[in-house]
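Novice: Submitted below is the structure of interest, expressed as structure tokens.
The values are calculated or read from the model by the stated rules, or taken from the named source; none is laboratory data. Small disclaimer: the values here were computed from a predicted structure and weren't measured. Counting neighbours? That spans all protein chains shown, and the Cβs are built from the backbone with ideal geometry, glycine included.
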Amino acid sequence: MSVIAGITTSVDGYIAGPGDGPGVGLGRGGERLHYWVMGGPWTYDNEPEDFGMSGADREFFDELTGNLGAGVCGRGMYDASEAWGGTNPFGGPLFVVTHRTEDAPDPSTGFHFVDDLETAMERATEAAAGRDVSISGGADVIRQALAAGYVDELAISTAPLVLGGGKRLFQGFEHDIELEVRRVYTSPYATHVRYTVKR
């Protein structure tokens, strides 16, 4: 079992454009970060009906997610995605770290609200039953998980753009963590690097 933190950034380190949140997703210009997920250019007004992921993007995604048993994300990501239409689209249960647990959805949706990262990791590890646990963002949850020593692997997808503003992945992060490059995948829409977190 491994704990894998994965997220997409711009070349200048932003995981969302300015003004991200419910109704605006990844913020102004932020959808360009996920061209690799959609298989090409898209906008919130013109979303493709099917994911068009292919080539190196598909290879990276499939290898990264093939053994997932549970996931963890933050409330910001959950809200910005508008709860993925109300049903967890990922393999295994998704534990959402939030201080506002009173509006938790029914567990049958696949979402489980917890009020701290430690509890989320304990419950996700138990639910994964020996399979991998994914930490999919946002940035604050990934920073907390790295600082706490939970992360075995960091998967960073870098989109070929400079956003110039928004939310930075490592904003305010002051820990010294050494990484080892495990594998690199490259497509026209992103360069994906899987790093092992050295202990």
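Novice: For the stretch 183-199: of the residues being assigned to a strand (DSSP E or B) and of a type in the set (D, E, K, R), which is nearest to the chain's Cα centre (by Cα)?
Specialist: Arg194
Novice: Could I ask something else about it? Identify the residue in the stretch 141-174 that is in contact with a strand residue (DSSP E or B) (Cβ under 6 Å, 6 or more places away or on another chain) and of a type outside the set (A, V, I, L, M, F, W, C) and, among all such residues, is farthest from Thr196 (Cα to Cα).
Specialist: Gly166
Novice: If I ask for residues that are under 17 Å from Ser134 (Cα atoms), assigned to a helix (DSSP H, G or I) and small (Gly, Ala, Ser), which ones from the stretch 55-82 would you list?
Specialist: Answer for the stretch 55-82, where residues must be under 17 Å from Ser134 (Cα atoms), assigned to a helix (DSSP H, G or I) and small (Gly, Ala, Ser): just Gly76.
Novice: Can you tell me which of Glu49, Glu59, Glu31 is out of contact with any helix residue (DSSP H, G or I) (no Cβ under 7 Å at 6 or more places or on another chain) and either over 24 Å from Pro188 (Cβ atoms) or at pLDDT 95 or above (or both)?
Specialist: Residue meeting the stated conditions: Glu59.
Novice: Let me ask something else. Would you check which residues across the stretch 145-165 are free of Cβ contacts under 8 Å to residues at least 40 places away in the same chain and either touching a helix residue (DSSP H, G or I) at 6+ places or on another chain (Cβ under 6 Å) or buried (at least 22 other Cβ atoms within 10 Å of the Cβ) (or both) and list them?
Specialist: none
Novice: Could you pull out the residue among Glu180, Glu126 that is of a type outside the set (A, V, I, L, M), under 21 Å from Gly92 (Cβ atoms) and outside any loop (DSSP other than H, G, I, E, B)?
Specialist: Sole residue among the options that is of a type outside the set (A, V, I, L, M), under 21 Å from Gly92 (Cβ atoms) and outside any loop (DSSP other than H, G, I, E, B): Glu126.
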